[in-house]
Amino acid sequence: MTAPSSSTPASDVVAVLATLDTKGEEVEYLLGVLAARGLRGWVIDTGVLGDPPATAAVPRTQVAAAAGADLDVLRAGRDPGSALATMADGARRLLDQLQASGRLLAVIGITGGKGAALFATATAGLPLTTLKILVASARAEVLARIASTSTTVVFPTLVDLMGLNQLTRLALHRAAVLAGSGAPAGIGQSPPRTIGVTSFGVTTTAAMACVAELRKQGLEALVFPANGAGGRLLERLVDEGQIDGLIDLTTTELADDLVGGAASAGPDRLCAAGRAGIPHWVAPGAVDMVNFGPPDTIPEQFRHRTLYRHSAYTTLMRTSPEENRRIGEIVGERLAAGRGARRICWTGGGFSDYDRPGGPFHDPAADLEWLRGVQSRLHPDVELVSLDEHINAPAVAAGAVDWMVSELAAATSRGHA
């Protein structure tokens with residue numbers, strides 16, 4: 001194994017997180033596969049108890065020290081939960097340093113259940129575009145949660161990690177191959193102009209039209225499903241500088257966050273673009289609905305409301321006039337707090353495929369309250385335009401893209417001035 005060192009590696013490395021006292025054999029095998037592919041493994045030992053059979057690039061004493069702790073004190077404390085949290089914090093700091101040095105190619109974790117949680121914490125602050133791979137024997141629910149809330153690639157071992165066998169070798173080999181495969185051209189670097197677009201099933205027509213028009217303009221589109229996880233991912237990518245402009249067609253996550261639905265993206269939705277100062281175009285796509293699961297999951301206080309069975313797994317609830325007004329106020333408030341070019345577009349013809357004449361959620365009076373809420377919080381630097389069009393009308397997508405292209409051109413001109 002690599003000799004101990006507290007310095008930054010002199011060449012690019014694949015960081016390997018593992019407890020060497022229990023996963024030493026697996027780590028040795030992984031390092032061999034990496035070396036055969038011309039890659040250098042950089043082992044970070046996150047163990048606390050037991051004696052590791054070999055040394056690591058970053059031994060456990062240094063991991064604890066990175067978190068401001070002493071390994072002997074952690075051992076003496078006999079508090080596994082606290083020790084795990086400390087080692088996770090130390091590993092996180094070390095990985096962040098590696099990332100900042102530009103030497104980190106990928107991160108591979110070899111873990112059981114507790115180690116999987118440590119890995120998730122330690123890698124949470126890395127850019128979404130950093131390759132993160134987890135080889136774990138943790139239960140399926142844990143692995144599913146990690147895979148669904150991060151960009152980690154998970155290789156379940158199916159059996160416990162207690163030495164090498166045909167299944168553990170296979171998982172470790174696949175992890176090493178993936179780490180050495182490299183990223184496709186352009187991944188990990190923000191393209192010159194990348195535009196985020198938010199979409200939902202009931203606004204797909206508009207989102208597809210935006211993507212087509214953006215491509216005609218030589219722009220790349222990243223489409224985010226407005227299902228909670230999609231909105232959180234969008235906000236983080238904006239914060240990481242991966243997106244140059246945002247066409248926020250579908251802001252339904254605000255309704256779920258306000259009312260308590262299943263598709264909330266949290267209280268920071270619509271904030272990152274303003275922090276970054278990138279062009280931000282916003283419409284009320286699908287704010288006529290709140291997402292719940294099957295009918296028996298709907299809270300009792302909502303069962304008298306207008307409901308629609310979207311699928312076997314999703315029941316939609318029509319937002320009320322009062323809720324629409326508050327959502328509009330939230331849009332106005334969050335855009336007012338930002339900077340850069342910001343436009344809010346009122347689509348008076350309806351907010352979703354279900355919000356049309358004869359549709360289950362058609363309610364122009366309720367929709368109008370969204371506009372009134374926006375107007376009550378409108379900042380002088382934020383533009384409000386009104387279109388008597390449905391959200392999925394071609395004019396809406398065309399207008400959004402035209403505005404985005406114009407603002408990007410203006411930003412480029414200012415940058416060259």
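Nothing in this text is a laboratory measurement; each read-out follows from the coordinates by a stated rule. Remember, predicted model here, so these are calculated numbers, not experimental data. Heads up, the Cβs are rebuilt from the backbone with ideal geometry, glycines too, and the neighbour counts pull from every protein chain shown.
Rounded to the nearest Hz, the phi-derived 3J(HN,Hα) couplings of the stretch 126-142 under the Karplus curve 6.51 cos²θ - 1.76 cosθ + 1.60 (θ = phi - 60°) are 6, x, 4, 7, 6, 6, 10, 10, 10, 9, 8, 9, 4, 5, 4, 4, 5, where x marks glycine and proline. Taking the DSSP beta bridges with both ends in the chain, the antiparallel portion is around 15 percent. Here the calculated FRET efficiency for Arg75 and Leu178, from their Cβ-Cβ distance with R0 = 35 Å, stands at 0.50, rounded to the nearest 0.05.
Annotation: amide H-H contacts under 5 Å for Gly41 (H modelled 1.01 Å from N, sequence separation of 5 or more, or interchain): Val14. 3J(HN,Hα) along the stretch 266-275: x, x, 9, 4, 6, 9, 5, 4, x, 5 Hz, from the Karplus curve 6.51 cos²θ - 1.76 cosθ + 1.60 with θ = phi - 60°, whole Hz, x for Gly and Pro. Loop-located trypsin sites (Lys or Arg not before Pro) in the stretch 262-336 (DSSP state not H, G, I, E or B) with no more than 11 neighbouring Cβ atoms inside 10 Å: Arg303. Listed by chain and number, the aspartates and glutamates whose C-alpha is less than 12 Å from the C-alpha of Lys23, apart from same-chain residues fewer than 8 away, are Asp45, Asp51, Asp160. Go through (i) 4, 18, 21, 19, 18, 13, 6, 1; (ii) 4, 12, 14, 11, 9, 7, 7, 6, 6, 6, 6, 6, 4, 2, 1, 0, 0; (iii) 5, 20, 24, 19, 18, 11, 2, 0 and flag the label whose value is the computed P(r) over Cα pairs in 10 Å bins from 0, in percent for this structure. Comparing each candidate, only (iii) matches the computed number.
Applying the Karplus relation 6.51 cos²θ - 1.76 cosθ + 1.60 with θ = phi - 60° to the stretch 335-343 yields 3J(HN,Hα) values of 6, 4, 7, x, 9, x, 6, 9, 10 Hz, where x marks Gly and Pro.
Helix 80-101 and the longest principal axis of the Cα set of the chain meet at an angle near 80°.
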